[in-house]
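Everything below concerns the one structure shown next.
The values are calculated or read from the model by the stated rules, or taken from the named source; none is laboratory data. All figures in this text were calculated on a predicted structure; none of them were measured in a lab. Cβ placement follows ideal geometry from the backbone for every residue including glycine, while neighbour counts extend to all protein chains displayed.
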Amino acid sequence: MSAFFESFSLSYAQWALIALCALLAGMSKTGVPGVSMLMVPAMAMIFGGKASTGVLLPILITADIFAVIHYHRHAEWKPLLRALPWAILGLILALWIGAGVNDQQFKQLIAISVLFSLILMVLNDRKNQKINFPDRPWFAALFGILGGFATMIGNVAGPVFAIYLLSLHLNKKNYIGTTAWFFAIINLTKLPLQYFVWDNIQEKTLLIDLMVIPFVMLGAYIGIKVVHAIPEQHYRWIVVFITFVSALLIFL
């Protein structure tokens, strides 16, 4: 057994970190905000930037499946379907210019956009006014393209899509259910693109993904329990705070 694990050229510490990332993926997809932001740098540290996305994507898809199973009845399809075509366009744009884009500069632009949108949303909330532009076509287009590009380039679309849904004032379960379906569709769309175009999903990476599925399942179970314990009136502001911190982490 030890020889099998050693054949991947990974240390036990690296295996433990991959398992932790799988656990966090399960928690994140079932509604615990922010923990997914720890996965991206951790996996990149082990496998490298572009290669890590090929290892992480099947883990995320597995977590998406558990999230959709549990929250599928709570999705708000109208805002999801508004953003989804634009997100696909964002994926295609990222695929086209992904080889030449500067990841750090793009992530900083994402962070600035998220922070600016978050500030506008909070200011409107403090005035007890719901922002009046989420129903406009350009709003879904902007966040759809930005989210699709961000998830393809660096798996950092969580804060972008969070702003889009927070602006719609969805309740806790509707927020999680809509997010679950959105990323399940987007990540399944990314799978053939990364396999055939970027060629960073291989048999060995899929074996790694298979071995950490129990940790994804455990994380999903923990996430459901944690979200259930968070009061409805507090969940939105927890997501706002975590989104703000996540944007800062992207920027740095």
Scanning region 29-80 residue by residue, the ones that are within 11 Å of the chain's Cα centre (by Cα), more than 24 Å from Asn174 (Cα to Cα) and among the basic types (Lys, Arg) total 0
With respect to Thr179, is the statement that it is at pLDDT below 90, within 17 Å of Asp64 (Cα to Cα) and among the β-branched types (Val, Ile, Thr) true? no
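Could you tell me whether Ile201 is out of contact with any Leu (no Cβ under 6 Å at 6 or more places or on another chain) and at pLDDT 95 or above? Write out each step before concluding.
Values: out of contact with any Leu (no Cβ under 6 Å at 6 or more places or on another chain): yes; at pLDDT 95 or above: no.
So Ile201 fails the test.
Quick check on my filter: what residues within region 55-69 are surrounded by fewer than 21 Cβ atoms within 10 Å (Cβ to Cβ) and either in contact (Cβ under 8 Å) with a residue 24 or more places away in the chain or within 21 Å of Val239 (Cα to Cα) (or both)? Show your work before the answer.
Just the residues of region 55-69 that are surrounded by fewer than 21 Cβ atoms within 10 Å (Cβ to Cβ), to begin with: 61, 65, 68-69.
Hits for region 55-69 are Ile61, Ile65, Val68.
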Apart from one, (1) in contact (Cβ under 8 Å) with a residue 24 or more places away in the chain; (2) more than 29 Å from Arg82 (Cβ to Cβ); (3) out of contact with any helix residue (DSSP H, G or I) (no Cβ under 7 Å at 6 or more places or on another chain) all hold for Met211; the odd one out is (1)
